[in-house]
Amino acid sequence: MKYIKIYNANIITPEGILKGGTLVIENDKIAEVSAGNVDVPSAFEINAGGKIISPGFIDLHVHGGGGHDFMDNTIDAFLSIASTHARYGTTSLMPTTLSCEKTDLLDTIKTYEAADPINSTGAQFVGLHIEGPYFSMNQKGAQDPRYIRNPDADEYNEILAATAVIKRWSAAPELPGSLAFARKLSANNILASIAHTDAIYEDVLVAFEEGFTHATHFYSCMSGVSRRNAYRYAGVIEAAYLLDDMTVEIIADGVHLPPALLKLVYKIKGMKNTALITDAMRGAGMPEGKSILGSLTTGLEVIIEDGVAKLPDRSAFAGSVATADQLVRNMMELAEVPLVDAVEMITKTPARILNINSRKGVIKKGMDADLVIFDQKINIDTTIVMGQIVFNANEVQALS
């Protein structure tokens, strides 16, 4: 359909909430945002019934969902994960890997390249996020220690030469070779992100100048204040707070970070420098019980309970099972963040971090028609990706 008209809506715009407005989609772009009910001949009409229209949610860090992981390395897994997260308002996501052998990573890259052009029924892929394997063993969390190693120039140069789909790579900046690695990423317009790290404040200052401008799952698997030879040292957490231009992402599932820390991140870093992420593994959208983190063949056994994935010995979390709607709801209910600010943290802010904010992240004429309609409790009604309706709650209810 060429035109879609959504009326009787409360629209989140850069200027605030436009009450009782109309939004018009032409093909894959937003064509008009107007007050009142405007006439659009031949348009397919949606009565929002006073619900909220937001920019589509952008998830910077996703491993899986719906029983699949991106490292299953099948096209079906990629498409199923995209479809699963679209049900919860995600219109753009970054498929994310785990520490693994180089051959497995190259297979994931090939699968991404094959799945991306045919992904038409779920959240759009906006680049591959490589998480690992260049991590601190002390901060490995649920990353498989068999694959953790220092940056290897021959290895990462081969990987970078093989593809253009990598848009982000997470690593520990204190490891030998990490600064040269960051410079290589920056030269290729790839976001270098600090993760699974024992760095101290001074390490981060240097790393930030070399390109490590973002912090992966802030607080999780990273250093805070530590004591070495009786002296106290600030860590990555303190550095991220003190570096005004460093961006962070938080797993706002209410488990990885308690309400007090959600409030603290919002208070210090603010909505403009904080992105909400799910860090979802294959258990997102699935019942609790036994599961696998990473590939079905080489991944780690985990257990999903209490609304989070854990290692079987309960020694660490193993990724979340959160969905994007839950993140927004938690920031509002647990961190007492206003709706517009919570939405910005999963729309405008991640778009800017990924440098796709010229086409995504806000509702205005000419932007990609990535939209989500939801009620005051953030229950998702409709998800629209590039002008195509990929989820509608009423249709799902009619089929069930």
To the nearest 10 degrees, how steeply does helix 102-115 sit against the main Cα axis of the chain, on a 0 to 90 scale?
10
Per-selection metrics, the range 111-231 (Cα): Rg and Dmax in Å:
15.5, 57
Using Cα centres only, tell me the gap between the range 164-182 and the range 74-110 in whole Å.
20
The range 307-364: relative contact order in percent, alpha carbon pairs under 8 Å with at least 6 residues between:
19
Give me the distance between the Cα centres of the range 184-210 and the range 40-59, rounded to whole Å.
39
As I understand it, the value is the acute angle between the Cα axis of helix 178-187 and the longest principal axis of the Cα atoms of the chain; what does it come to in degrees, rounded to 10?
30
Highest-fluctuation residue, TYR233, TYR219, TYR134 considered, GNM on the chain with Cα pairs under 10 Å:
TYR233
Test of understanding: given the chain, find the longest segment containing no GluC sites (Glu not before Pro) that are in a DSSP loop and have at most 15 other Cβ atoms within 10 Å.
102-287
Quick one: Debye curve from the alpha-carbon atoms of the range 210-285 only, equal weights, vacuum; give me log10 I(q)/I(0) at q = 0.25, 0.28 Å⁻¹ to two decimals.
-1.22, -1.39
Tell me, what is the percent relative contact order of the chain, built from C-alpha pairs under 8 Å that lie six or more residues apart?
20
Angle check, please: helix 324-333 long axis (alpha carbons) against the longest principal axis of the chain (alpha carbons), in degrees 0 to 90, nearest 10.
90
Set Lys and Arg Cβ to +1 and Asp and Glu Cβ to -1, take the dipole of the range 57-353 about its Cα centre, and tell me which of SER120, GLY254, SER83 lies farthest positive.
GLY254
Cβ-Cβ cut-off under 12 Å around ASP144, Lys and Arg +1, Asp and Glu -1: the net charge is -1
Trypsin sites (Lys or Arg not before Pro) within the range 224-279: DSSP coil, no more than 13 neighbouring Cβ in 10 Å:
LYS272
Count the lysine pairs in the range 57-353 whose Cα atoms sit under 17 Å apart, keeping only pairs 8 or more residues apart in sequence or on different chains.
8
Name the residue, out of ILE356, ILE58, ILE237, whose mean-square fluctuation peaks in a Gaussian network model built on the chain with Cα pairs under 10 Å.
ILE356
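Each reported figure results from applying straightforward, stated rules to the coordinates on display, with no laboratory input. As the structure is a computational prediction, the values presented were derived from the model and not from experiment. So basically every Cβ, Gly included, is an ideal-geometry build from the backbone, and we count neighbours across all protein chains shown.
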